Amino acid sequence: MSQFYNPYREKYGKHVVKHNIQAPAPSTLYLDDKVLSANLKLGEIRKASFILPDEVNLFTYIPLDTRVVQAFQILRDALGKPINVNSSFRSVRYEKKKGRSGDGQHTWATALDLSGSGLVELLQEALRTKNKLYQRLRAVGVNGFGIYVEKDFIHIDVRDAKPDGGYAYWEGSEDNELKKKGSSINIILKPILTLVSFVMIAVGIFKKVKKRK
């Protein structure tokens, strides 16, 4: 007998709205045409959600923070061209199966990965110049920005701001992010290994001197 798993967290933030994805039974139609903003429909969010096969039967709604919807529309208006939703909600179990922590912003329904012609450059300019677009995004609560130039998409999320009011920022491919983590570990380990090597050499010299005596 197949076992079904719940794809949801027990609780989400106060700005998260749970959008039913299907019409009431016995209908099996998806409510993909539900309008979330001027240029965003529920179907785009549903198709960009990621869960595991054994979670599908209990996947009845999509949690989504209203602030990322606002941020999407702000970017869409500024770009003046279509924006694609690459990733929205992800279940904790899905994330863990992909080797991630399971505590990322997507699992809290507070993040979107987006792509569109000129979108990467648009956000780069906003972050560099702190222009009106930047100010509008920060005003609605965007405190996480990721730019993936090679794959031509951006990440935005509404995590809490840093204590000093700052935001989280990273760039590069996912592979580069892993390399950066590896580099951080190397930075920590290298001095330790150097010290261990020095101690071992010193001990060796001491033993040789002792034998001569």
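The values are calculated or read from the model by the stated rules, or taken from the named source; none is laboratory data. All of these numbers come straight from a predicted model, not from anything done at the bench. Note that we place each Cβ from the backbone using ideal geometry, even for glycine, and neighbour counts take in every protein chain shown. Just the protein is used for accessible areas: all its heavy atoms, side chains included, with ligands, DNA and RNA removed. Shrake-Rupley method; radii C 1.70, N 1.55, O 1.52, S 1.80 Å.
Using R0 = 41 Å, the C-beta based FRET efficiency linking residue 60 and residue 81 works out to 0.80. Of 132, 81, the order by accessible heavy-atom surface (1.4 Å probe, DNA, RNA and ligands excluded), from most exposed downward, is 132, 81.
The lysine pair tally for the range 1-149, using Cα distances under 26 Å and a gap of 8 or more places or different chains, is 26.
With all protein chains in place and ligands, DNA and RNA left out, the 1.4 Å accessible area ranks 125, 10 as 10, 125, largest first.
Using a ≥ b ≥ c from the Cα gyration tensor of the range 85-172 (square roots of the eigenvalues), is it rounded, prolate or oblate, where a/c under 1.5 gives rounded and otherwise the larger of a/b and b/c decides, a/b for prolate? Because a/c hits 1.5 or more and a/b fails to exceed b/c, the range 85-172 counts as oblate. With an a/c value of 1.5 or above and a/b larger than b/c for the gyration tensor axes a ≥ b ≥ c computed over the alpha-carbon atoms, the range 28-81 is described as prolate.
When the residues 87, 27, 101 are ordered by accessible surface, computed with a 1.4 Å probe over the protein chains alone, the sequence from largest down reads 101, 27, 87. Could you work out what % of the accessible surface of the range 1-160 is carbon and sulfur, using a 1.4 angstrom probe and leaving DNA, RNA and ligands out of the count? Using a 1.4 Å probe with all protein chains present, the range 1-160 comes out at 50 percent carbon and sulfur. Let me make sure I get this right: for the range 1-50, a, b and c are the square roots of the gyration tensor eigenvalues over alpha carbons, sorted descending. Under 1.5 in a/c it's rounded, otherwise prolate if a/b > b/c, else oblate. Which is it? Taking the square roots of the gyration eigenvalues as a ≥ b ≥ c, the range 1-50 is oblate. Taking amide H positions as modeled 1.01 Å from N, with prolines and chain starts lacking one, the residues under 5 Å from residue 143 and 5 or more places away or on another chain are 157, 158, 159.
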